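A.B. asks: Could you have a look at this structure, given as structure tokens, before my questions?
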Amino acid sequence: MTLKNLIKTNATKEEIKDRPFILYEDLRLTHRQFYEESIQYANMLLKLRHRTDVPFHVGVYMENLPEFLKVAGGAALAGAAVVGINTVQRGEFIARDINFCDCQILVTERKYLSELAPIKKDLSYIPESHILVNTFWETEKEPLPFGIPLEEGLRQTQAEMGDAFFVDPDVDVKDSDLFMIIFTSGTTKAPKGVLNSHGKMVNFGHVACEVLNFTADDVAYAAMPLFHSNSTFLAVMPALINGGGVALIKKFSKSQFLKDVKRYGVTTFNYVGKPLAYILTAEKKPDDHDNSLRIAFGNEASAEHQKEFKERFDCSVVEIFGSTEGGATSIRNDTDPPECVGKPPEEIKILNEKGEECPPARFDASGKMLNPEEAVGEIVNTGGLALFEGYYKNPEATQERSLNNQYHTGDLAYKDEQGYMYFAGRDIEWARVDGENFLTYPVEKIINRHQSVFLSSVYGVPDYDAGDQLMVSLLLEEGAEFDPKEFYEFLEKQTKLEMSPKWVPRYVCIRKEFPRTETNKILKRELQKQKFDPDVVKDPIYWRERGDEEFKPFTSNDYEQLKKKFEETGNKHLLDIR
């Protein structure tokens, strides 16, 4: 089954065709109407394809608007592949991702034209006439500085094609054909764009339907960005598989969440990172439990937040360990220990650097792990690659993940005596902040430009809510002094140029020296193990709390207060892992 067939079938099934598929503000687009509009977008994309010597790839650089899904629907019918461009990328990284994936058409919004203006001449296969700007939701449509309005592109295609504009182009599409490239992180050599065929997308959709018990009566709430896998796999695909609906919101908002649930009749909510924590900080109301939501499904919510969310909104919460690549999955049941990510299938094992299975973790009476060095290892699917199809134009990264025909996640975990798995961090070169995966090297590259910095090492440390916060260890130039306010201002300036706001570190350690290997490589793993514990790290640590606009000294008292927050969210064990 392909997405093309799904979209077409839903438009003809009597019990599905007139049900809403896309819900956005006052728009209710049925499955039949979605197919009809996808046909128009398919014909436009086919007309705009101007290079047959490069893949038929369409970049989408916008927030969660209906047109994102319409472009995707058009690509599915036209035999094109969608490339999701991260909207928090800046400058050269945008051009890098677009060019690396050979995009010859780009669909975006007016708000991102300022980011594209400096790099539009650097786009390899995209002339200015192939930058389509979504102005459908603008109340006053001012002239564009460059590119053409998306609606104008559709009108021009209709003028050229006449009645054929409304006829399915009927391109031959196979389930093995590429449908979407989703970036999971960057590397020093090339980005890692995960390959997702039509067949993989449909398979993921069926798994999600089974876990969510998703039917045509369900409405998924897609608040996570559509250029990521979370909303694509857990919201859009279930709705396509079983004829349900997808409620879109441009950008996640804790204050808007419950209003949207009630407005759209939302029944399922997919998340990644901290959304549950943020929602729980919204003002409580007596009727919070009076809603249609029946399940929240995602990863990295703390045990305490899962419990509180479940009780406050009268729904179930299901935590899952999984990746965009689809190589390994573990789902937590309600009866499982609260901090774990479930009891994974037998083939998913925790392996050490020698490829040997790690022994179970042992704990003392206080719950502290006694054997972290031997118990913590990499999560590996020893049974094969599952749904992993590789990375686009990156054979080295593909080989690294599929060594010995086993899927290596790059994520760390441990198991207890009963076989329950506990997430313990990521591959040292990755970080995940607020649900966003990225490599730390580009952050180091920017920080090293600071006039006082001789060398930097950036790594993820635990956040008490979920995922990571960034920490950077600095060696300063000889004679230089660290100015906390000036350093923050430097980083803030970079966010307006090429640095994502999520790349700004939470902690800064001013080191006298770095631990190193015999070949003079920084032992980043050792830095990460030390975290921000003042009793372990003897060098000065600075930090910024949420909302701070400068760094301040991180004291033992700060650490004790922070430990209480880790305890409150059920994540204190993350501080104990060394």
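The values are calculated or read from the model by the stated rules, or taken from the named source; none is laboratory data. The structure displayed is predicted, hence computed values, not measured ones. Positions of Cβ are backbone-derived with ideal geometry, glycine not excepted, and every protein chain shown enters the neighbour counts.
A.B. asks: When you scan region 451-463, do you find a residue that is loosely packed, with under 15 Cβ neighbours inside 10 Å and not in a strand (DSSP E or B), even just one?
C.D. replies: Within region 451-463, one or more residues are loosely packed, with under 15 Cβ neighbours inside 10 Å and not in a strand (DSSP E or B).
A.B. asks: P191: farther than 28 Å from K13 by Cβ, in contact with a helix residue (DSSP H, G or I) (Cβ under 9 Å, 6 or more places away or on another chain) and either modelled with pLDDT under 95 or surrounded by 23 or more Cβ atoms within 10 Å (Cβ to Cβ) (or both), yes or no?
C.D. replies: When the stated conditions are applied, P191 passes them.
A.B. asks: Based on what the data block shows, is I320 closer than 30 Å to Y392 by Cα, crowded, with 21+ Cβ neighbours inside 10 Å and touching a Gly at 6+ places or on another chain (Cβ under 8 Å)?
C.D. replies: No; evaluated as a whole, the condition is false for this residue.
A.B. asks: Here is a check on your reading of the model: is M180 modelled with pLDDT of 95 or more, surrounded by fewer than 23 Cβ atoms within 10 Å (Cβ to Cβ), under 28 Å from Y24 (Cβ atoms) and not β-branched (V, I, T)?
C.D. replies: Answer is no for this residue.
A.B. asks: How many residues, within region 403-420, are free of Cβ contacts under 8 Å to residues at least 60 places away in the same chain, surrounded by 14 or more Cβ atoms within 10 Å (Cβ to Cβ) and either acidic (D, E) or not in a strand (DSSP E or B) (or both)?
C.D. replies: The total comes to 1.
Residue by residue, here is whether (1) assigned by TED's automatic domain parsing to the domain that holds Y407; (2) touching a strand residue (DSSP E or B) at 6+ places or on another chain (Cβ under 7 Å); (3) crowded, with 23+ Cβ neighbours inside 10 Å holds:
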residue	(1), (2), (3)
V266	no, yes, yes
V272	no, yes, yes
A277	no, no, no
E283	no, no, no
H289	no, no, no
S302	no, no, yes
K307	no, no, no
E311	no, no, no
S316	no, yes, no
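A.B. asks: Quick one: in region 492-540, of everything that is modelled with pLDDT of 95 or more and outside any loop (DSSP other than H, G, I, E, B), which residue is nearest to L574 (Cα to Cα)?
C.D. replies: Applying the filter and picking the extreme gives Y507.
A.B. asks: Looking at V88, V171, V133 in this structure, which one is closer than 13 Å to L45 by Cα, assigned by TED's automatic domain parsing to the domain that holds M44 and of a type in the set (A, V, I, L, M)?
C.D. replies: Matching residue, one of V88, V171, V133: V171.
A.B. asks: Within region 545-578, restricting attention to residues that are assigned to a helix (DSSP H, G or I) and of a type in the set (S, T, N, Q), which residue is nearest to D465 (Cα to Cα)?
C.D. replies: Going through the qualifying residues, I end up with Q561.
A.B. asks: Scan region 142-159 and tell me whether some residue there is loosely packed, with under 13 Cβ neighbours inside 10 Å, in contact with a Phe, Trp or Tyr (Cβ under 8 Å, 6 or more places away or on another chain) and not polar (S, T, N, Q).
C.D. replies: Checked region 142-159: no residue is loosely packed, with under 13 Cβ neighbours inside 10 Å, in contact with a Phe, Trp or Tyr (Cβ under 8 Å, 6 or more places away or on another chain) and not polar (S, T, N, Q).
A.B. asks: When V54 is evaluated against the numbered criteria (1) surrounded by fewer than 20 Cβ atoms within 10 Å (Cβ to Cβ); (2) under 29 Å from K259 (Cα atoms); (3) among the hydrophobic types (A, V, I, L, M, F, W, C), which criterion, by number, is the only one it fails?
C.D. replies: (2)
A.B. asks: Same structure, new question: Quick check, is E140 among the acidic types (D, E) and out of contact with any helix residue (DSSP H, G or I) (no Cβ under 8 Å at 6 or more places or on another chain)?
C.D. replies: yes
A.B. asks: Could you identify the single residue in E550, E545 that is in contact with a helix residue (DSSP H, G or I) (Cβ under 7 Å, 6 or more places away or on another chain), surrounded by fewer than 16 Cβ atoms within 10 Å (Cβ to Cβ) and over 19 Å from F423 (Cβ atoms)?
C.D. replies: Of E550, E545, the one residue that is in contact with a helix residue (DSSP H, G or I) (Cβ under 7 Å, 6 or more places away or on another chain), surrounded by fewer than 16 Cβ atoms within 10 Å (Cβ to Cβ) and over 19 Å from F423 (Cβ atoms) is E550.
A.B. asks: Looking at region 478-491 only, could you name the residues that are assigned to a loop (DSSP other than H, G, I, E, B), of a type outside the set (A, V, I, L, M, F, W, C) and surrounded by 13 or more Cβ atoms within 10 Å (Cβ to Cβ)?
C.D. replies: The one that is assigned to a loop (DSSP other than H, G, I, E, B), of a type outside the set (A, V, I, L, M, F, W, C) and surrounded by 13 or more Cβ atoms within 10 Å (Cβ to Cβ): D483.
A.B. asks: Taking the options Y35, Y41, name whichever one is closer than 28 Å to D218 by Cα, buried (at least 24 other Cβ atoms within 10 Å of the Cβ) and among the hydroxyl-bearing types (S, T, Y).
C.D. replies: Y41
A.B. asks: Could you list, in sequence order, the residues of region 74-126 that are among the basic types (K, R) and either farther than 19 Å from Y391 by Cα or surrounded by 18 or more Cβ atoms within 10 Å (Cβ to Cβ) (or both)?
C.D. replies: Within region 74-126, R90, R110, K111, K120, K121 meet the criteria.
A.B. asks: Among I39, I22, I105, which is the only one that is touching a residue at least 60 places away in the same chain (Cβ under 8 Å), in a strand (DSSP E or B) and over 20 Å from Y392 (Cβ atoms)?
C.D. replies: Among I39, I22, I105, only I22 is touching a residue at least 60 places away in the same chain (Cβ under 8 Å), in a strand (DSSP E or B) and over 20 Å from Y392 (Cβ atoms).
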